[in-house]
Amino acid sequence: MQRLRRHQGLLLAVIGGVLFALTSPPTDLYPAVFLGLALLAATIADAPSGPRAFGRGIAWATAAGIVGLRFVPAVIQRFTPLGSAASYLALVLLAAGQSLIWAIGAAVAHAIHRRTRAPFELAFAAGVLVTVLLPSVFAWTPAGLVSPWPALVQLADIIGERGVSVIFAVVAALLARAGRAALHRAPDERLRLRLDRTVLAPLASALGIVAALLVHGALRIRSLTGDAGTGSLRVALINQAVGPLDRWDAKNHPIILRKLREMTRDAEAQGVDLTVWPEAAYPYVLEHGAAKAPRGPRAILGDGVRGPLLFGLITLDKPRSIGFGGFERNSFNSATLLLPDGSLSPSYDKLELLWFGETVPLGGYLPWLRRMFQKSGGLVPGDAPRSLDLPREGAPPVRMGVLNCYEDTLPGVGRLITRELRPNLLVNVTNDAWFVGTAEPELHARLGAMRAIEHRLDLVRSVNLGVASWIDARGVVRARDDSQAPSTLIATPTLRDGSLTVYGRLGDGPLSALLVAGVVFFARRARRAAAATDPEVGSEPDAAAGSPGDVEAGEGSTPPRRPSGP
């Protein structure tokens, strides 16, 4: 019993991580996002030191990663010679690696709470913001997981996906405060359940915030319903259902192109204005900067295919000397627009390459590191966003901002593209074939939906063996198709005027500044209180001291220690 009591915080952290991950597909227990975060908050508040808070953050996030990314072993076993034992070890290592950002956030929350005596709600919110700002392989956030409940995340057009996650953190911290107050430990070490103001006040505050989010969201969705924008576009989203290994086998390329052209011809017969092929769907490599469509056996237009057509492809850069007589020829994961006259738009080249799949961390900044893994050249990121503009007779052009593959899960890329290009439509091209039959395509789709809300733009997603979808500017999924056979989804997205939302204009800066200001305020107040109590106490408040709110909630607090000696 004593050992269990000693490791109670660690155990609660693991349970909280599992609960949090049950929000993800296929379980979809959306309220668990608050309960899972609440257990993390409670274990951090109870941690006796910063390293213990860090460790509990690792335990929580590792448990969440193992459950939420449980599709990883199946993918490894399908495409590598590694056995089941190695695949599950890889899952644990990936989850543990990704847990570091949550561990850092937990340590930050603990340090802010203890050193500045800031309310734990503020400290935990700041810790979660630090977490979601840090890079990771799978960038899933509390807000992104519940995007199928769009009313809950409508504030994203003001504070972004990360900001909504911070609000969720405040709710979780309030629930943790209520739970810890209810389970009051008596002096004789027995737990007594109590229900008084210290329990009801934070509980009511947490429920009130959730209710306010839902009411605001419902009203915001209603205000956007029926918004005709500046017109609409009829778009065909193609899923050619090509297996991940088949795509890269040269003998399959003619068959793949023939199928894509056949599906495009059928879609155009239904009167679509634009056809979209997924990421790297065109099976042949084109020279980077090519201005004319290929001809002959590799042609796209002709035989009933008219265009226009937006498609993903690999483009090959010019050879570059790397010294000592060596050279490399890099390539780009690109998307381009083919017009009916056979002209190709300058391509959009993917800005954020997937770690370990397309590049190594820091490979874009350290060429020598990238060359260690890509001896004669490999994928490199694009250097700037670029819109793909489709002219329309008698109307402004369709200005499309492309999010390639997992870029639609990254708030920073979405904001960069909308701020620089002012698109009136977002287009995602993705190849999720490596994850077919798992929960990853659904997780990807719901994270991508947050870009539509953040920027109030319709988003269409053309996905090979994943979730093709049309998400409107409210974050509502208007059409979707997750077939594992070749299929075409017809969408009619609304075109917007390209104006920036508050979040598109200001990003995460205002929320970050507000949290920093709150921390500074409480830090200064703690210093003044310490100086008033004992002028000999240094300018730093005691790290062991809790906040006044902790005493009120029955959490206990250690008073500042007087310095020993003269």
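Every number here is computed from the coordinates shown, using simple stated rules; none is lab data. The structure displayed is predicted, hence computed values, not measured ones. Here the Cβ positions follow ideal geometry from the backbone for every residue, glycine too, while neighbour counts run over all protein chains shown.
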Estimated 222 nm signal from helices in the chain, with DSSP H stretches of n ≥ 4 weighted -39500 (n - 2.57), rounded to 500: -14500 deg cm²/dmol
Hydrodynamic radius (Kirkwood) for segment 55-213, which is based on Cα pairs only, to one decimal in Å: 17.7
For 39-45, 177-183, ranked highest to lowest by mean beta-carbon neighbours within 10 Å, the order is 39-45, 177-183
For the chain: span of alpha carbons on each principal axis (Å, largest first): 89, 58, 42
Could I get the Rg over Rh figure for segment 1-125? Both from C-alpha atoms, Rh via Kirkwood, rounded to two places. 1.05
Ordering 65-77, 195-207, 101-113 by per-residue average of other C-beta atoms within 10 angstrom, highest first, gives 101-113, 65-77, 195-207
How do Trp248, Trp149 line up, fewest other C-beta atoms within 10 Å first? Trp248, Trp149
Within straight cross-link reach of Lys318, meaning Cα distance under 17 Å, which aspartates and glutamates are found once same-chain residues fewer than 8 apart are removed? Glu287, Glu328, Asp349, Asp383
Calculate, for Ala201 and Thr230, the FRET efficiency according to 1/(1 + (r/R0)^6) with r their C-beta to C-beta distance and R0 56 Å; round to the nearest 0.05. 0.70
Sorted by average packing, counted as other Cβ atoms within 10 angstrom per residue and highest first, what order do 230-242, 21-33, 395-407 take? 395-407, 230-242, 21-33
